[in-house]
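Down below is the structure, laid out as structure tokens.
The values are calculated or read from the model by the stated rules, or taken from the named source; none is laboratory data. It should be emphasised that the depicted structure is a prediction, and the values quoted were computed from it without experimental measurement. Here the Cβ positions follow ideal geometry from the backbone for every residue, glycine too, while neighbour counts run over all protein chains shown. Accessible surface areas use protein heavy atoms only, side chains included; no ligands, DNA or RNA. Shrake-Rupley method; radii C 1.70, N 1.55, O 1.52, S 1.80 Å.
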Amino acid sequence: MTAVADAPGPAAPATDLPALRLPMPDAGFTDCATPCRPSPPLPPIDAAADPDALGWYRWMLGHHVAVCVWRLLCDHLPETPHQPGAGDVVADLYDAYSALLLYSGSCSPQTYATVIRARMKARHPAFSGTWARDYEQVSELLGRFRPFAGERVKRALKVNRLVHMTVAKRLVPQGKSLLRESGMDPTRTVDTDRDRFDEFFGVDRAEVCRDEFADQLAGRVRLVLDDLADRPDPVRYDNDDVNRLQAELPARLDRLVASTTRKVAP
């Protein structure tokens, strides 16, 4: 069974987050020799936001940061078999991604069903995270890298799968993903599907220099950290590894930003 033709669907409701500008996964960043203007400050969520608005905000913001992490993995995975210590970078990035899954999916199952899942289904009945261009590239690169993976990377990948299953079980305890419910072939993704993912999450494909990327990442990480400082995530899981990642998210995001700071002064 092939992917179905694009069906009209409403755009995702606004979160006041500007579009995340990124090049295609297989395209490099442009030259940053000329100083580029720093990105403007991003608006935080209203402190009085109701649980549905907060859940939607975290879903969108968490995915923006996760897409940035995928982009960094696309850059680092090809280097890993050849550079000492590169495997540790990949493991750290995967752990950061796992922690972001917990942040993105920290809403209640009711909010997920009636707000997040409903909006994804309205965009397309089979809407899936597997349509993400950047993660698709990560998966391809990871397939080439696996023979060289050390124990730290293997453990990070194992924990990432555990986190995926843990979040899914909490948010959809008795159901299937939209993709599985639709009956579409999960192994076949076309550009129309990839475009849907970008459009839904507000990812704008364009030429971007590395400094602009670093600014976008830093601004969004600051929103996550401020959000968690004001509203700590109350969800706890029956697994020490999962709870550890959740607690480590602020420190991991701080290190992530420190490793990608702009190289050309504004």
Requested in this report: Look at the stretch 76-119 and say how many of its residues are touching a residue at least 24 places away in the same chain (Cβ under 8 Å) and in a loop (DSSP other than H, G, I, E, B).
Outcome: 6
Requested in this report: Go through the stretch 132-154 and give me each residue that's of a type in the set (A, V, I, L, M) and under 15 Å from G85 (Cβ atoms).
Outcome: A149, V153
Report summary line: Residue hits (the stretch 201-247; open to solvent by 60 Å² or more (accessible area, probe 1.4 Å), farther than 20 Å from S108 by Cβ and without any contact (Cβ under 8 Å) to a residue 40 or more places away in the chain) are A229, D240, R244, A247
Query raised in the report: Across the stretch 160-175, what is the total count of residues that are in contact (Cβ under 8 Å) with a residue 12 or more places away in the chain, out of contact with any Leu (no Cβ under 7 Å at 6 or more places or on another chain) and closer than 20 Å to L93 by Cβ?
Result: 3
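Of all residues in the stretch 1-46 being farther than 27 Å from R71 by Cβ and open to solvent by less than 80 Å² (accessible area, probe 1.4 Å), which is modelled with the lowest pLDDT? Walk me through it before giving the result.
Kept after step one, since they are farther than 27 Å from R71 by Cβ, are these residues of the stretch 1-46: 1-2, 4-5, 7-8, 10, 46.
Now narrow it down to the ones that are open to solvent by less than 80 Å² (accessible area, probe 1.4 Å): 4, 7, 10.
Working: V4: 42, A7: 48, P10: 50.
Within the stretch 1-46, the match that is modelled with the lowest pLDDT is V4.
Can you name the residue in the stretch 154-185 that is part of a helix (DSSP H, G or I) and open to solvent by 90 Å² or more (accessible area, probe 1.4 Å) and is also modelled with the lowest pLDDT among such residues?
So in the stretch 154-185, the residues part of a helix (DSSP H, G or I) come out as 154-171, 178-182.
With the extra rule that they be open to solvent by 90 Å² or more (accessible area, probe 1.4 Å), the set shrinks to 154-155, 158, 161, 165, 169, 180-181.
Numbers: K154: 90, R155: 93, K158: 95, R161: 95, M165: 93, K169: 93, R180: 77, E181: 69.
In this case the residue turns out to be E181.
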Query raised in the report: Of the numbered conditions (1) closer than 29 Å to L42 by Cβ; (2) part of a helix (DSSP H, G or I), F145 satisfies every one except a single condition; which is it?
Result: (1)
Report task. Residues being at pLDDT 80 or above, over 20 Å from the mean Cα position of the chain (by Cα) and open to solvent by 60 Å² or more (accessible area, probe 1.4 Å): count how many of those fall in the stretch 131-153. Result -> 3
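Could you list all residues from the stretch 97-154 that are among the aromatic types (F, W, Y) and under 25 Å from L245 (Cα atoms)?
Step one: list which residues in the stretch 97-154 are among the aromatic types (F, W, Y), which gives 97, 103, 112, 127, 131, 135, 145, 148.
Result: Y97, Y103, Y112, Y135, F145, F148.
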Query raised in the report: Taking the stretch 56-70 only, how many residues are open to solvent by less than 10 Å² (accessible area, probe 1.4 Å) and either without any contact (Cβ under 8 Å) to a residue 60 or more places away in the chain or farther than 30 Å from Q110 by Cβ (or both)?
Result: 1
